[in-house]
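The values are calculated or read from the model by the stated rules, or taken from the named source; none is laboratory data. If you're wondering where the values come from, they're calculated on a predicted model, not measured in any experiment. Here the Cβ is made from the backbone with ideal geometry for all residues, glycine too, and neighbour counts use every protein chain on show. Just so you know, the surface numbers come from the protein's heavy atoms only, side chains and all, with ligands and any DNA or RNA stripped out. Shrake-Rupley method; radii C 1.70, N 1.55, O 1.52, S 1.80 Å.
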Amino acid sequence: MGLFGKYIDGAKKAGKEYKDKAAEKASATKGYVPAPKFDLMTSIPKETEDNAALVKKTGKPEGIEVRLKLFGEVIEIPAEADLFNKYKDLFSALARQCAKAAAEKYAMKVHDYRSFIEEFPEIYDEFLYPVIKCAMDILFAENVFSVSLPAFTAMHKEKYHRGIDGYTAMLSAGEQATESNRNGLSTMLVSTAVEQYKQRNAGGMFGDLQGQLADSIVSRHKARIGISSEQEQTLFDALDAAELMHCSAADYMLVSVTLLEILTQSGTEIEAPGEEESSRADAIFQNITTPGFPEDKIKGALLDVLRTNPYKEEYFTFMAKKFGKTDEIVAAAEYFGFADKI
């Protein structure tokens, strides 16, 4: 056998022991490594057979002056504010349709952690596409040609990505479990390698040969280690699918905000409530609903709220509960998009 044969044979024997240990660990973990098909933050959605029916040519809305009667007074809505309201209604309706279709496909395609990791990105993008396509059609109708669909998508996903965040959190949890399993395997194999090296303390180049062999085996088998079926089940049980789809629906709906930002920068006159208006309306409403607020001042204060920022569901649910579903309250709720909330 000679000197070389002795140590090479010893290295092979040590390698088999490492392999056996790795195989035992791999069997326990099933070897599933969470791997999405693409990066959802940077992907560009496209038309498919399943979303084609939701892709509809939409003309640009036109704002008009609107007058709503409430509590014996008139709420005057200028054309620029009516235009914002029309955009909100248009995209809210389309986003709900897309979110419903996404939820239905999710129910068909996702049945465990593995299918969730592999299928959700395509589902999310697939039903984001019709909403973004609608926004692009409006940009073209407004003679805004400087923003491409990929650029619009990147701009939108950079700001509005709650659904993507939910997916990323689940992916990250699987990756952390995978890394933990791999580190456990690595520790076990390296410890075994150290013991084998001590027993066959060849030193010099022969010791290095055994060390290199051990490193190679550890590296190859670590790459195969993923998460166990039990870990998959635990992760999937922790997933709140309803909340995830709710967050995705919000991302779809907020495409209108991305669109309005571009239109405003391009010179289109649109009047939308800002943070200052929202804060002021919230403060007034908080006072209205505080015990001790003068009863005879409630209607006037509510009118002030609606003239400042009417886009909060609780404003209308409070009015309907306090004063009943009068024709005027129903008409106001319907105009601002909350008829189904009172």
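With a point put 7 Å past each Cα toward its Cβ, work out how far residue 175 is from residue 79 in nm, to one decimal.
5.1 nm
Starting from the coordinates of the alpha-carbon atoms of the stretch 237-342, obtain the Kirkwood hydrodynamic radius over all distinct pairs and give the value in Å to one decimal.
Here the Kirkwood hydrodynamic radius works out to 16.0 Å.
Hey, rough spin-label estimate for residue 276 and residue 86, points 7 angstrom out along Cα→Cβ, what's it come to in nanometres?
Distance between the two pseudo-spin positions: 2.7 nm.
Provide the gained length on full extension for the span residue 340 to residue 287, in nm with one decimal, where the gain is 0.36 nm per separating residue minus the Cα-Cα distance.
Fully extending the segment from residue 340 to residue 287 adds 16.5 nm.
Quick one: ranking 230, 275, 122 by accessible area, 1.4 Å probe, largest first, what do you get?
275, 230, 122
Sort 239, 302 by heavy-atom solvent-accessible area, probe 1.4 angstrom, most to least.
These residues rank, largest area first, as 239, 302.
Tell me the accessible surface of residue 165 in square angstrom (1.4 angstrom probe, heavy atoms of protein chains only), to the nearest ten.
Accessible area of residue 165: about 70 Å².
Would you mind checking 60/341; 88/312; 88/109; 37/88; 299/341; 60/299 for any pair whose Cα atoms are more than 24 angstrom apart?
60/341; 88/109; 37/88; 60/299
With r defined as the distance between the Cβ atoms of residue 261 and residue 240 and R0 fixed at 25 Å, what FRET efficiency is calculated, to the nearest 0.05?
E between residue 261 and residue 240, to the nearest 0.05, is 0.25.
Quick check: with the 1.4 Å probe, what order do 67, 224 take by accessible area, largest first?
Final ranking, largest accessible area leading: 67, 224.
At a 1.4 Å probe, what is the % contribution of carbon and sulfur to the accessible area of the stretch 70-144?
53 percent
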